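Here the structure comes first, spelled out in structure tokens, and everything after it is commentary.
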Amino acid sequence: MMKEPASSLGPITYDLPDRPRRNRRCESLRRLVRETVLTPGDLIYPMFITDGSGVQIPIGSMPGICRWSPDLLLEQARAAYALGIPAVALFPALSDTLKDRVASASVDADGLLQRTVRLLKRELPGLVVITDVAMDPYSSDGHDGYVDGDQIVNDKTLPILCAMAVSQAEAGADMVAPSDMMDGRVGAIRTALDEAGFTGVGILSYAAKYCSAFYGPFREALDSAPRGGDKKTYQMDPANRREALREVRLDVAEGADMVMVKPGLPYLDVIAAVRAAVDLPVAAYQVSGEYAMIKAAAEKGWLDESSVMLESLLAIKRAGADMILTYFAMDAARSLA
Ligand code: PBG
């Protein structure tokens, strides 16, 4: 009766029809059955630009990320491309003296962004250069659209965005990425690009962009926080998923070439829903706050940075993203090499 203690744990073998663990017995088996694979080719590296030369300004809440002057940004982009990262997304940080209510600086052919795009396309013609279309880096109000009193005026913003997109295309941008969330901007920008002869310049639409507190560190990086109010009348309510599909379908109908969900990890359900709803490539943006959280926990020794970085990116891809904008692009590409 009282035999060895093991008997109290039950019989030696159970008659189990399914044993999922068999497929996990060794790394080679696990590789064979792996459903999602992350590669450097999935990554887009968002980069902040500052004027000058030889300038590198670290961003406090984003350890490892800097504003680079164009010459140093080129070297970073060169390293990213060499690691297999196919694209960068550029965000210029302008001094307040260049900002006004109508984002005039955004169409300066010799502006910081335009000069940087030309430099990158000349030195690294194979690297895809994506430029952001929204007023906030150029606006004295810090909003993505034109401000009149307490209103963000949709239809007054559209021509400003169109001119901005054409100026970016003239500089050599491969894709423009409207992140402003005005209604009708994708169609308006498509028409403006075509009329200017840029039929080959694509639109990566921030289609489902939520009004998220996870953008905090980015606004520090660009010093682009709204001077008054918030972005709730144009960015989406985090509570809504069906509305994301409506936004995405509109952007597809208006001519988007790719659609984006933003932020990433807190919105995996939205990424999955968008993936199921459209045939276009889907991008996701692992935003500044997502990056900052992982970095901060790793600095405290509470999380293993590299593992959590790769797991978070894999999760975003598993949810349905074809590509991911991430500040971890360089680190992830190095880990994956
Ligand atoms: C602005 C823009 C934002 C981000 C990308 N483009 C900030 C905002 O909408 O306030 C956020 C990116 C990030 O947090 O990493 N049009």
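Key figures for this structure:
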quantity	calculated
Residue in segment 276-283 that is under 16 Å from the mean Cα position of the chain (by Cα), surrounded by 24 or more Cβ atoms within 10 Å (Cβ to Cβ) and within 16 Å of the ligand (Cβ to nearest atom) present	yes
Total residues in segment 230-243, condition within 16 Å of the ligand (Cβ to nearest atom) and either open to solvent by less than 70 Å² (accessible area, probe 1.4 Å) or in contact with a Ser or Thr (Cβ under 7 Å, 6 or more places away or on another chain) (or both)	5
Any chance ARG227 is of a type in the set (D, E, K, R), more than 19 Å from MET260 (Cα to Cα), within 17 Å of the chain's Cα centre (by Cα) and open to solvent by 30 Å² or more (accessible area, probe 1.4 Å)	no
Entirely in segment 55-141, the strands (runs of 3 or more DSSP E) that have 1 or more residues that are under 21 Å from ALA284 (Cα atoms)	87-92, 128-133
Filtered residue count, segment 306-337, keeping only those that are under 19 Å from PHE214 (Cβ atoms) and assigned to a loop (DSSP other than H, G, I, E, B)	3
Residue check for ALA297: assigned to a helix (DSSP H, G or I), without any contact (Cβ under 8 Å) to a residue 60 or more places away in the chain, surrounded by fewer than 15 Cβ atoms within 10 Å (Cβ to Cβ) and in contact with a helix residue (DSSP H, G or I) (Cβ under 9 Å, 6 or more places away or on another chain)	yes
Answer from ILE271, ILE324 - the residue that is more than 14 Å from the ligand (Cβ to nearest atom), in contact with a strand residue (DSSP E or B) (Cβ under 7 Å, 6 or more places away or on another chain) and open to solvent by less than 40 Å² (accessible area, probe 1.4 Å)	ILE271
Given (1) surrounded by fewer than 22 Cβ atoms within 10 Å (Cβ to Cβ); (2) assigned to a helix (DSSP H, G or I), index of the condition GLN168 fails	(1)
Verdict on VAL153 being away from the ligand (no atom under 16 Å from the Cβ), surrounded by fewer than 22 Cβ atoms within 10 Å (Cβ to Cβ) and either β-branched (Val, Ile, Thr) or touching a residue at least 60 places away in the same chain (Cβ under 8 Å) (or both)	yes
In segment 192-217, the residues that are open to solvent by less than 30 Å² (accessible area, probe 1.4 Å) and either in contact with a His (Cβ under 7 Å, 6 or more places away or on another chain) or closer than 27 Å to LYS121 by Cα (or both)	ALA192, LEU193, VAL201, GLY202, ILE203, LEU204, SER205, TYR206, ALA207
Selected residue [small (Gly, Ala, Ser), at pLDDT below 95 and either within 13 Å of the ligand (Cβ to nearest atom) or not in a strand (DSSP E or B) (or both)] from GLY187, GLY200, GLY216	GLY216
Residues within segment 58-83 that are surrounded by 14 or more Cβ atoms within 10 Å (Cβ to Cβ) and without any contact (Cβ under 8 Å) to a residue 24 or more places away in the chain, tallied	4
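So that you can scan it fast, the table gives a plain yes or no per residue for (1) more than 25 Å from ILE203 (Cα to Cα); (2) touching a Lys or Arg at 6+ places or on another chain (Cβ under 8 Å); (3) among the charged types (D, E, K, R):
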residue: LEU72; (1), (2), (3): yes, no, no
residue: ALA80; (1), (2), (3): no, no, no
residue: GLY84; (1), (2), (3): no, no, no
residue: VAL88; (1), (2), (3): no, no, no
residue: ALA105; (1), (2), (3): no, yes, no
residue: GLY111; (1), (2), (3): no, no, no
residue: GLY126; (1), (2), (3): no, no, no
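The values are calculated or read from the model by the stated rules, or taken from the named source; none is laboratory data. Every value quoted in this text rests on a predicted model; they were computed, and no experiment measured them. All Cβ positions, glycine included, derive from the backbone under ideal geometry; neighbour counts span all protein chains shown. Accessible surface areas use protein heavy atoms only, side chains included; no ligands, DNA or RNA. Shrake-Rupley method; radii C 1.70, N 1.55, O 1.52, S 1.80 Å.
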